[in-house]
Amino acid sequence: MINSPAVAVPALSRATAVRVVCAGRATVRGMEHTDIRPLTVAEFEQQPNLGELFAQYAEESAIPELGEHIVQFDTYRAMEAAGALIVRGAFRGGEMVGFIVLIVSVLPHFGVRTATTESFFVVPAERRGALGARLLYAAEAAAREASAVGLFVCAPAGGRLERVMAARSDYRQTNAVFFRGLE
């Protein structure tokens, strides 16, 4: 469910597509190019298929102790206004097919600005090509523009993103995060 306004999450559809990469732009055969662009929180919130994307994202990244996945757009807007939030969206035609949201902050023990992925999602049908990598490169560029010295990528333990990141030579695992629900 999405907060502000509350929207029921639709049933998931798992379409498949054959992806090819040509001239640095990802395409689906017979369809439009896939472009990555900056989004304001207002633009992100207004995407017509956002409820379905968030439902798929929640299915893959849920932490049961945190409860139902409810996006806090008021918090996103406040963070954006403070310069602490960056959003990039991937679009095929007019439809968003992926997104990455960064939190930018200064690490108190080091005095340097870093960016951390708050969420990173590409629809399953778009994962065979380089779209996830392109979103990550766009996030890196945005983090550099925000004067971050590095980018932390958070991935669900045991998930596909964790396996993809572990295989990359340009990223290294720096931490493992553990969670305990406090009732």
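Can you check how the C-alpha radius of gyration of the stretch 115-157 compares to 2.2 N^0.38 Å, as a plain ratio?
On the way: Rg = 11.2 Å, N = 43, 2.2 N^0.38 = 9.2 Å.
So the Cα radius of gyration is 1.22 times the expected 2.2 N^0.38 Å.
Could you tell me what fraction of 2.2 N^0.38 Å the Cα radius of gyration of the stretch 33-143 comes to, as a two-decimal ratio? Display every interim value, and only then the final one.
Details: Rg = 14.2 Å, N = 111, 2.2 N^0.38 = 13.2 Å.
It is 1.08.
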Total formal charge among the other residues, if their Cβ is under 15 angstrom from that of ALA82, Lys/Arg +1 and Asp/Glu -1: -1
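Kindly identify the stretch 48-101 as rounded, prolate or oblate by the Cα gyration tensor criterion: order the square roots of the eigenvalues as a ≥ b ≥ c, call it rounded if a/c is under 1.5, otherwise compare a/b with b/c, prolate if a/b is larger, else oblate. Present the calculation step by step, with values, prior to reporting the outcome.
Values: a/c = 2.11, a/b = 1.02, b/c = 2.07.
Oblate.
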Binned at 10 Å from zero, the C-alpha pair distances of the stretch 106-183 give percents of 15, 46, 31, 8, 0
Mind jotting down the distance between the C-alpha centroids of the stretch 38-70 and the stretch 138-183, whole Å? 18
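What does the charge add up to near ALA142, with Lys and Arg as +1, Asp and Glu as -1, over the other residues with Cβ less than 14 Å from its Cβ? Can you show the working numbers first?
Details: positive: ARG37, ARG88, ARG113, ARG134, ARG144; negative: GLU80, GLU118, GLU140, GLU145.
With Lys, Arg at +1 and Asp, Glu at -1, the neighbours total +1.
Every number in this text was worked out from the coordinates using simple rules, so none of it is lab data. As the structure is a computational prediction, the values presented were derived from the model and not from experiment. Cβ atoms come from the backbone with ideal geometry, glycine included; neighbour counts cover every protein chain shown.
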